[in-house]
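Enquirer: Right, I'll just put the structure down here and ask away after.
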Amino acid sequence: MRRTKEDADKTKQELLNAALSVFSRNGYTASRLEDIARTAGVTRGAIYHHFGSKADLYLALIEEASSIGNSAIDRAIEEGGTFVEILSRILVYSFALLEDDRRFRDVMALQLTTPSIDAFSQRRYEEAQQLVSSISGFFELIIAQGALRQDLDPTTAARAFLGYQNGLASLWLFNRDEFSIKESASDLAGIFVHGIAG
């Protein structure tokens, strides 16, 4: 019987679901393809057919979460307002997404606890550099328009933004019972935005 594209897409999604479950339970390094295949109810060959390797499965999960995160950022930008309002909204929407979307949250937690993997450590480095460059351009524009302190270096501001966002995400992921990052999001965004607005 010939498999349809829908069948293939369904199998891929089931493999991603199984991989996230197994990685979250065992950690990336200790997880085996056999465990993922068994959890998904498929053969190990199905993993090789759709993804090729354990690292490819992990990377697909990261890319999926990045796409979800980028959608939240796009929505914050599309709603308009001043650059400072948009910047604040990006933090608020990102923190809310972290608390509301379990899959996104689980992938972020997995990424924070997984050691560097040679198969794509160079790629992650390049993506990080590209992200800093992109955010730096955003800050450069805001500074030029006089909405932020004129003494700010755009690249330093971009790194501070990412460090603040990622640091708070990490703090919450490992202390979820201590506070709600969603409920605190506006105050947390305000602290950063007012700090750079001067």
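Enquirer: Counting only residues that are of a type outside the set (D, E, K, R) and exposed (fewer than 13 other Cβ atoms within 10 Å of the Cβ), which one in region 145-155 is modelled with the highest pLDDT?
Expert: Filtering first and then ranking leaves Gln150.
Enquirer: In region 66-92, how many residues are surrounded by fewer than 20 Cβ atoms within 10 Å (Cβ to Cβ), in a helix (DSSP H, G or I) and among the hydroxyl-bearing types (Ser, Thr, Tyr)?
Expert: Of the residues in region 66-92, 3 are surrounded by fewer than 20 Cβ atoms within 10 Å (Cβ to Cβ), in a helix (DSSP H, G or I) and among the hydroxyl-bearing types (Ser, Thr, Tyr).
Enquirer: Examine region 174-195 for a residue that is surrounded by 19 or more Cβ atoms within 10 Å (Cβ to Cβ), of a type outside the set (D, E, K, R) and over 19 Å from Ile73 (Cα atoms), and state whether such a residue exists.
Expert: No, there is no match, as no residue in region 174-195 is surrounded by 19 or more Cβ atoms within 10 Å (Cβ to Cβ), of a type outside the set (D, E, K, R) and over 19 Å from Ile73 (Cα atoms).
Enquirer: Out of everything in region 25-55 that is closer than 23 Å to Lys5 by Cβ and without any contact (Cβ under 8 Å) to a residue 24 or more places away in the chain, what residue ends up being surrounded by the most Cβ atoms within 10 Å (Cβ to Cβ)?
Expert: Selected residue: Ile36.
Enquirer: What are the residue pairs meeting all of these: first residue in region 154-166, first residue closer than 13 Å to Gly137 by Cα and assigned by TED's automatic domain parsing to the domain that holds Phe95, second residue polar (S, T, N, Q) and surrounded by 17 or more Cβ atoms within 10 Å (Cβ to Cβ), Cβ atoms under 8 Å, and 6 or more apart or on different chains?
Expert: Pro154/Ser136; Thr155/Ser136; Ala157/Ser136; Ala158/Ser136
Enquirer: Which is modelled with pLDDT under 85 and surrounded by 15 or more Cβ atoms within 10 Å (Cβ to Cβ), of Phe95, Phe120?
Expert: Result of the check over Phe95, Phe120: Phe120.
Enquirer: Something else now. Say we look at region 147-198 and pick out the residues that are outside any loop (DSSP other than H, G, I, E, B), closer than 17 Å to Phe83 by Cβ and among the small types (Gly, Ala, Ser); which of these is farthest from the chain's Cα centre (by Cα)?
Expert: Ala197
The values are calculated or read from the model by the stated rules, or taken from the named source; none is laboratory data. Note that this is a predicted model, so its numbers are computed, not measured. Virtual Cβ from ideal backbone geometry, glycine too; neighbours counted across all protein chains shown.
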